[in-house]
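The values are calculated or read from the model by the stated rules, or taken from the named source; none is laboratory data. Predicted model, so just to flag it, every value in this text is computed and none were measured. Cβ placement follows ideal geometry from the backbone for every residue including glycine, while neighbour counts extend to all protein chains displayed.
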Amino acid sequence: MTVSHRATPCLPALFREGLERHARRVREDWDGRHVLHGMPPRPGAVMVNSNDYLALARHPRIVKAMTQTLTTDGNDTLMSGAFLNGDHPQLRLEADLARHMGAPAGILCQSGWAANTGLLQALAEPGTPVYIDVLAHMSLWEGARIAGAVLHRFRHNDTAHLRRRIADHGPGIILVDSIYSTDGSVCPLDQVAELAEKNGCVLIVDESHSLGTHGDLGEGMTASAGLSGRVHFQTASLSKAFAGRAGFIAACEEAFTSYFKMRSHPAVFSSTLLPHDIAGLNETLAVVREDTWRRTRLTEVAAHARDELTAAGLDLHASDSHILSLVAGDERQTIMLRDALEHRGVFGSVFCPPATPRTRSLVRLSLHTDLTDAQVAHLVKSCLDCFQP
């Protein structure tokens with residue numbers, strides 16, 4: 001048999017515009033470097049570029065549960081979640097997570113993105129008014145677009161603006177994050193819930209960055225504030241404090257779960273989670289509930305870092321959580337800030353378009369339980385050194 005060695009085909013000119021635009025971006029805006037790829041960390045570096053807020057990624061109980069299940073069950077469940085029934089481990093975990101978040105029912109999805117896009121696609125109809133905070137996660141925006149809903153953005157955490165939007169366009173769906181991922185600011189959930197009730201709106205709260213980190217048992221902001229009965233849906237990526245790979249929807253009624261699994265395209269057309277994922281998340285839920293010291297430590301670390309930085313005059317853009325945002329400006333300025341921090345041994349995450357506006361690119365610092373007092377002090381000093389005139 002003769003193997004042909006024809007050249008790899010290139011995209012036709014009609015489809016090359018995006019590639020060429022990206023090449024110009026690298027060449028002109030990034031000076032030939034990659035905005036997301038800095039220097040390799042040295043031993044002892046302060047790593048604040050992960051969403052593993054409770055430092056559970058290598059927890060021995062969780063790793064053991066996953067490896068044992070992988071050995072015994074392999075990749076046994078390669079089917080849509082719509083087929084699961086009876087006393088299946090995933091269905092038990094869905095019920096346990098729902099109880100943890102104060103909800104009647106729950107649905108596990110392949111990711112937080114699939115949870116949000118699938119929920120909006122299943123819930124909204126073409127033309128449904130959707131009111132979305134301008135800083136809400138992109139998956140919520142995308143879900144509304146997929147559904148053909150009419151998007152009405154409102155200013156960040158501005159409930160007066162939200163009220164006027166609803167008055168103009170009528171009842172619909174309100175989309176907010178409990179903690180916003182780009183700047184660590186916190187949603188006024190009680191005020192938003194009151195607006196939803198008074199105006200006959202459905203309220204969806206993305207709990208990705210507060211599930212596990214907030215509440216006495218890590219139940220998240222909605223439940224810890226006593227608002228579970230006033231929020232129709234709580235969603236979450238379990239790749240943050242739960243250090244796994246899945247998404248979750250806490251639903252206001254049991255009947256919605258069957259409807260979702262037959263209606264949501266990510267649920268219908270994707271395989272469900274694998275047995276070792278379920279085993280790991282099940283053990284993670286137990287650890288999150290038991291190890292209350294992890295939340296206490298995270299709260300202490302975050303409060304200390306925020307207090308020190310704001311007292312020195314650094315603008316943290318209303319962060320009231322374990323996420324700190326250092327806004328640099330355009331992408332070239334953000335590369336310079338990233339490099340300055342990394343030269344001082346502090347490694348955060350760069351956020352730039354499409355995650356931010358072009359002139360508000362930033363370095364995000366994701367604080368976590370494992371940070372020592374000395375590391376926090378070094379982080380604070382490094383940030384202040386970078387912003388000194």
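Some notes on this structure:
- Flag for ARG294 being closer than 23 Å to ALA223 by Cβ and in contact with a Ser or Thr (Cβ under 6 Å, 6 or more places away or on another chain): yes
- Residue in segment 314-330 that is in a helix (DSSP H, G or I), surrounded by fewer than 20 Cβ atoms within 10 Å (Cβ to Cβ) and not assigned by TED's automatic domain parsing to the domain that holds ALA241 present: no
- Helices (runs of 4 or more DSSP H) lying entirely in segment 99-180 (those with 3 or more residues that are assigned by TED's automatic domain parsing to the domain that holds GLY220, surrounded by fewer than 19 Cβ atoms within 10 Å (Cβ to Cβ) and among the acidic types (Asp, Glu)): none
- For the condition closer than 25 Å to GLU290 by Cα, surrounded by 10 or more Cβ atoms within 10 Å (Cβ to Cβ) and not assigned by TED's automatic domain parsing to the domain that holds THR369, ALA65 qualifies.
- A count restricted to segment 299-313 and to residues that are buried (at least 20 other Cβ atoms within 10 Å of the Cβ) and closer than 17 Å to SER178 by Cα stands at 1.
- Test: residue in segment 215-231 that is hydrophobic (A, V, I, L, M, F, W, C), surrounded by fewer than 24 Cβ atoms within 10 Å (Cβ to Cβ) and assigned to a strand (DSSP E or B): no
- When residues in segment 179-230 are screened for being among the small types (Gly, Ala, Ser) and in contact with an Asp or Glu (Cβ under 8 Å, 6 or more places away or on another chain), 6 of them pass.
- Residue match in segment 45-54 (condition: polar (S, T, N, Q), surrounded by 10 or more Cβ atoms within 10 Å (Cβ to Cβ) and part of a helix (DSSP H, G or I)): no
- Checking the stated criteria, THR372 turns out to be within 14 Å of GLY44 (Cβ to Cβ), of a type in the set (Val, Ile, Thr) and surrounded by fewer than 19 Cβ atoms within 10 Å (Cβ to Cβ).
Yes or no, residue by residue, for (1) of a type outside the set (Phe, Trp, Tyr); (2) touching a Ser or Thr at 6+ places or on another chain (Cβ under 6 Å); (3) over 18 Å from MET66 (Cβ atoms):
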{"residue": "SER239", "(1), (2), (3)": "yes, no, no"}
{"residue": "ALA250", "(1), (2), (3)": "yes, no, yes"}
{"residue": "THR257", "(1), (2), (3)": "yes, no, yes"}
{"residue": "PHE260", "(1), (2), (3)": "no, no, yes"}
{"residue": "PHE269", "(1), (2), (3)": "no, no, yes"}
{"residue": "LEU273", "(1), (2), (3)": "yes, no, no"}
{"residue": "HIS276", "(1), (2), (3)": "yes, yes, no"}
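- Among the residues of segment 147-166, the ones that are out of contact with any Ser or Thr (no Cβ under 6 Å at 6 or more places or on another chain) and touching a residue at least 24 places away in the same chain (Cβ under 8 Å) come to 9 in all.
- Take the conditions (1) of a type in the set (A, V, I, L, M, F, W, C); (2) closer than 26 Å to LEU56 by Cβ; (3) more than 23 Å from the chain's Cα centre (by Cα); (4) loosely packed, with under 15 Cβ neighbours inside 10 Å; ALA286 misses just one of them, which is (3).
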